[in-house]
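Here the structure is laid out as structure tokens; the discussion comes afterwards.
The values are calculated or read from the model by the stated rules, or taken from the named source; none is laboratory data. As the structure is a computational prediction, the values presented were derived from the model and not from experiment. Glycine also receives a Cβ, built like all others from the backbone with ideal geometry; neighbour counts cover every protein chain displayed. Just so you know, the surface numbers come from the protein's heavy atoms only, side chains and all, with ligands and any DNA or RNA stripped out. Shrake-Rupley method; radii C 1.70, N 1.55, O 1.52, S 1.80 Å.
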Amino acid sequence: MIDYHIHPEYSIDAKGSVHDYCNEALERGIGELCFTTHLDLDPRRDDCYVRVTEKTVRSNSSVWFEDYESTIRRAADEFIEKNLVVRMGVEVDLYPGVVEDLPEAFHSTDFDLIIGSIHLLDHLAISVKEESQRFFTKHSLEDLAERYYGLLLEMLDTGFFNILGHLDIYRRYGEEYYGAKIHRIWEPHIKDLVKKMKHHDVGFEINTSSWRQGLSEPMPETLLIDQFVKRGIENVTVGSDSHNPTTLGAGIQRAYEILHKVGLQEITTYLHKKPTRKRMAT
Ligand SMILES: [Zn+2]
Ligand SMILES: [Zn+2]
């Protein structure tokens, strides 16, 4: 089993050291981890920070990248002897202009995986309850779809990330606000989306955190996973989006079952941003 979306304590909203997570993975029989701390850079927000050696620093400062990389590579060397593979990734928040805001140290760091995730629309976090309501009250469901998928297509053209994170995150709070129609808003965009994903060799993840938040489906939901697989997207990772070692690996088995159901037998792992597909092992 793998868990390819994990926030160690470098993320200001997370608990648990890299070492804690690795020990937990051994306990839980997980064979491969990829750490994916947040890289939030929107200059219009006041929450773009990273925690390093118990200090909080701005995400775009170069001081934390080296510490992050060496800590994870050290853990990788230590835990490979215990049959745990440890990779170093990052979850970059996608917004218009993000590429220009990526710090120099980002480009010189040898990440294994870059997840690109939308959290913000109009600088408001649709992934957070109160802020999402502020966005929703000003926008129809059609607007939301245009804005979200429009941004996703624009971001895909930047070609700097490997995996789309929690693809239909707008359902987290939008399902309750807009109702069942929200399940289909991807329909007009799926063709372009798949085309660009293939062109830039971008896959998607199954993010299992929505199950812990009371939704009945992972992100993206089964309907959309099925569409991607049918349309020939082959690179798929799975991740718990844990912000605490206590949820490491949560829902991964269920995500594997969905992939089997839609006819995919392989899971993708990344090393130096290069994908390798292997048969799903439980
Ligand atoms: Zn995220
Ligand atoms: Zn995350």
Query raised in the report: Quick one: how many residues across segment 36-58 are touching an Asp or Glu at 6+ places or on another chain (Cβ under 6 Å) and without any contact (Cβ under 8 Å) to a residue 24 or more places away in the chain?
Result: 1
Query raised in the report: Residues in segment 92-102 that are under 28 Å from E32 (Cβ atoms) and open to solvent by 10 Å² or more (accessible area, probe 1.4 Å): how many?
Result: 1
Query - Selected residue (criterion: nearest to ligand 2 (Cβ to nearest atom)) from residues of segment 37-48 that are of a type outside the set (D, E, K, R) and closer than 18 Å to S242 by Cα - result: H38
**Report entry** segment 141-156: number of residues that are aliphatic (A, V, I, L, M) and surrounded by fewer than 17 Cβ atoms within 10 Å (Cβ to Cβ)
**Finding:** 2
Query - Subset of segment 260-279 (residues that are part of a loop (DSSP other than H, G, I, E, B) and either under 18 Å from the mean Cα position of the chain (by Cα) or surrounded by 19 or more Cβ atoms within 10 Å (Cβ to Cβ) (or both)) - result: L264, H272, K273
Requested in this report: Just give me the residues in segment 54-71 being more than 16 Å from ligand 2 (Cβ to nearest atom), touching a strand residue (DSSP E or B) at 6+ places or on another chain (Cβ under 7 Å) and either open to solvent by less than 50 Å² (accessible area, probe 1.4 Å) or assigned to a helix (DSSP H, G or I) (or both), in sequence order.
Outcome: V57, V63, W64, D67, E69
Requested in this report: Could you pull out the residue among I126, I169, I163 that is in contact with an Asp or Glu (Cβ under 7 Å, 6 or more places away or on another chain) and modelled with pLDDT of 95 or more?
Outcome: I163
Query raised in the report: Within the bounds of segment 11-23, is there any residue that is over 19 Å from H243 (Cα atoms) and either open to solvent by 30 Å² or more (accessible area, probe 1.4 Å) or charged (D, E, K, R) (or both)?
Result: no
Query raised in the report: Tell me, which helices (runs of 4 or more DSSP H) wholly within segment 91-147 include 2 or more residues that are touching a helix residue (DSSP H, G or I) at 6+ places or on another chain (Cβ under 6 Å)?
Result: 129-136
Report summary line: Of the residues in segment 72-82, those that are in contact (Cβ under 8 Å) with a residue 40 or more places away in the chain and loosely packed, with under 13 Cβ neighbours inside 10 Å come to K82
